Amino acid sequence: MKHIKLIIASILFSTLFYNQQIGLNLSIFSVLSLVILAISNTHKFRNKITICYSIIYAFTAALVFIQHTNLSILANIIAFITLVGSVTESKSSIYVQWYNGIYTSIVGYFHRRFINQNIKEEETKKKTIDALHLTKLIGIPLVFIIGFIVLYKNGNPIFNDIISQINFDFINLQWLLFTALGYYLFSNIFSPVQIDSATNIDLQTSNTLRQSKVSSVEALKKEKQLGTTLLLLLNILIVFYIITDVISLTTTNSTHASVLSSQVHNGINTLIASIIIAIIIILYFFRGDLNFFKDNKMLKNLSYTWIFLNAVLVFLIATKNYNYIASFGLTYKRIGVNIYLFLTLIGLITTLLKVSKIKNSWYILRINTRIAFVLLILFSIMDWDYSITKYNINHAPSLDLNYLINLSNNNAVLLNEYRKSTNLNTEQSNRIFDKHRDYINTVNNRNWQEYTYSNLKLKATTDKTITNAYSK
């Protein structure tokens, strides 16, 4: 019964993806994967974490159909790997679930064959005999039938004509290989496996830092003195830097792109170095028994101050980037700066929690990877090409139209509306017209497997145009 299900699923896999672009097929595949996993691992789907990942996976599939962006496709793939890893062990950290999910998807079948190879000798012999008998049952008659067909073709011209008319061109070897790939993938995830060593270590490692039984008070005092001196000097230095940065921000009124770009990028480079150094220093001094040292209050306060001042630095860079966007509009690089600043702020907060809650470095890794996964899903909700175009058309004082034209076709309709309502030079107008025409042709020429929400919108627009034409 299992093999029948997998064969049906593999045929559907080829029907969905063979010679097709990504679209509705990925959403259907996501539903099919959920069904396969739920049927073969019913007890695992009673777990709240697995149910949550299933909902996220289905949600990302819907995003692929609606948004059809590279980010939504990436989010769907990551959600798939996470779900498969969660089925193997829902209590493990998310990065271990990614590890197990990738491992299952690639070599799950061979893993199961390897661990099940120690079967009783009698059963092995029985299977060998059965396989040999099956080979004889199929192979011997087939050889004789082919041989006699060749003989009969030479002896009977009518029989020869009938046999010659048989055409095997309908057999598509590439399609068969693609179907086999689908069978292999579904066979892998039908019964997800895990890497026991990595999973067990993760399950046995807590987030809480524990005090060692042997620790030198004198050594801790010296380390505390070093940490206090270093962080005090660094705090003084960053305060001085922030003051000068505030003065520069309030006194510089330049609206030149090169000046604003230089301010943002130089600030980002400074921030990268500062944050990395800050986190490394804090993790070093609070890696062990210094967390439990009674006289560490000053060191902790200096660490909190250092984290806060770096957060102020994040705010200043964000202000510069906002001025840059307000003057010249959105681009992927400027959005990337904001995302990096946000991630930096999260890193500072998790470092603060590590120190205040006396957590170990595993805690930093676990919570940050979990946050990264959530943010990937949230960011994939936005159609960035469309949003960038809409914001720049409506708000950017200096519109870089060539940049918008070079984005994906997700903004083709919006740009074409802008072309109709604005006097543009001939070159830009023609480029937008060609972009919109290519978009319409691409959408109209899609097979049903490649459909996205844009197909429905385009059909609705066409029907409305036809209705209005007849009403006149």
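Here, each number is a calculation from the coordinates, and none is a lab measurement. Source: prediction; values computed, not measured. Neighbour counts are summed over all protein chains in view; Cβ atoms, including those assigned to glycine, are modelled from backbone coordinates with ideal geometry.
In whole Å, what is the distance between the alpha-carbon centres of region 386-422 and region 19-83?
When both Cα centres are located, 32 Å separates them.
May I ask you to list, by number, the DSSP H helices of the chain whose Cα span along the axis is at least 15 Å and whose average Kyte-Doolittle hydropathy reaches -0.5 or more?
Sorted by number, the helices that extend far enough and score high enough are 2-17, 24-40, 48-66, 70-88, 94-115, 121-155, 173-190, 217-251, 257-285, 297-328, 332-356, 361-379.
If R₀ is 35 angstrom, what is the calculated FRET efficiency for the pair Ile106 and Ile346, using the beta carbon separation as r and rounding to 0.05?
The computed FRET efficiency comes out at 0.70.
Rounded, prolate or oblate: pick one for region 385-471, where a ≥ b ≥ c are the square roots of the eigenvalues of its C-alpha gyration tensor, a/c under 1.5 means rounded, and failing that, prolate if a/b is larger than b/c, else oblate. Intermediate results must be reported in sequence, preceding the final value.
On the way: a/c = 1.99, a/b = 1.53, b/c = 1.30.
Here region 385-471 falls in the prolate category.
Strictly over 29 Å apart at the Cα level, which of Lys333/Lys459; Lys224/Lys357; Lys435/Lys459; Lys91/Lys357; Lys333/Lys357 would you flag in this model?
Check vs 29 Å cut-off fails for Lys333/Lys459; Lys333/Lys357.
Can you find, among Ile247, Asn100, Trp306, the residue sitting farthest towards the positive end of the charge dipole of the chain, where Lys and Arg contribute +1 and Asp and Glu -1 at Cβ?
The residue sitting farthest along the positive end of the dipole is Trp306.
Among 332-339, 43-50, what's the highest-first ranking by average C-beta atoms within 10 angstrom per residue? Could the numbers behind the result be given before it?
Values: 332-339: 15.2, 43-50: 13.2.
For the peptides 332-339, 43-50, the packing ranking is 332-339, 43-50.
Stretch Asn445-Ser387 to full length: gain in nm at 0.36 nm per residue minus the Cα-Cα span?
18.3 nm
Going by C-beta contacts inside 10 Å, put Trp384, Trp362 in order with the fewest on the left. Could the numbers behind the result be given before it?
Values: Trp384 20, Trp362 16.
Least crowded to most crowded, the residues run Trp362, Trp384.
Using only DSSP helix segments of four residues or longer, with each worth -39500 (n - 2.57), what per-residue ellipticity at 222 nm results for the chain after dividing by its residue count and rounding to 500?
-26500 deg cm²/dmol
Would you mind computing, in nm to one decimal, how far apart the modelled labels at Leu74 and Tyr453 are, each placed 7 Å from Cα along Cα→Cβ?
If labels sit at Leu74 and Tyr453, their model points lie 2.0 nm apart.
Dividing the alpha-carbon Rg of region 217-359 by 2.2 N^0.38 Å yields what?
After normalising by residue count via 2.2 N^0.38 Å, the value is 1.20.
With the dipole of the chain worked out from charges on the C-beta (+1 for Lys and Arg, -1 for Asp and Glu) around the Cα centre, which of Trp362, Gly288, Ala372 lies farthest toward the positive end?
Result: Gly288.
Farthest toward the dipole's positive end in the chain, which of Ser454, Leu316, Ser187, given Cβ charges of +1 (Lys, Arg) and -1 (Asp, Glu) about the Cα centre?
The one lying farthest along the dipole's positive direction is Leu316.
With labels modelled as points extended 7 Å from the Cα through the Cβ direction, what inter-label distance (nm, one decimal) is found for Phe159 paired with Ile405?
With each label placed 7 Å out from Cα toward Cβ, I get 7.1 nm.
Work out the length of the dipole vector of region 385-471 about its Cα centre, built from +1 on the beta-carbon of each Lys and Arg and -1 on the beta-carbon of each Asp and Glu, and round it to the nearest 20 debye.
Working: 10 positive and 8 negative charges, 46 e Å.
About 220 debye.
Which label belongs to the value computed from this structure, given these candidates for volume of the Cα convex hull per residue in Å³: [x] 138; [y] 254; [z] 212?
The value matching this structure is [y].
Sort 372-383, 93-104 for me by packing, meaning the mean count of neighbouring Cβ atoms within 10 Å per residue, highest on top.
Values: 372-383: 16.2, 93-104: 22.2.
Packing proxy ranking, top to bottom: 93-104, 372-383.
May I ask you to sort Val84, Val143 by Cβ crowding, counting other Cβ atoms within 10 Å and putting the fewest first?
Ascending Cβ contact count within 10 Å gives the list Val143, Val84.
Apply 1/(1 + (r/R0)^6) to the Cβ-Cβ distance of Ile236 and Lys294, taking R0 = 25 Å, and write down the FRET efficiency to the nearest 0.05.
Details: r = 26 Å, r/R0 = 1.04.
That pair, Ile236 with Lys294, gives E of 0.45.
Using the per-residue mean of other Cβ atoms lying within 10 Å as a proxy for protection, in what order, highest first, do the peptides 307-313, 188-194, 106-112 fall? Write down the numbers at each step before the final one.
Details: 307-313: 18.4, 188-194: 21.3, 106-112: 16.6.
Going by the mean number of other Cβ atoms within 10 Å, highest first, we get 188-194, 307-313, 106-112.
Based on alpha-carbon centroids, what's the gap between region 328-378 and region 294-324 in Å, whole number please?
Comparing the Cα centres of region 328-378 and region 294-324, I get a distance of 15 Å.
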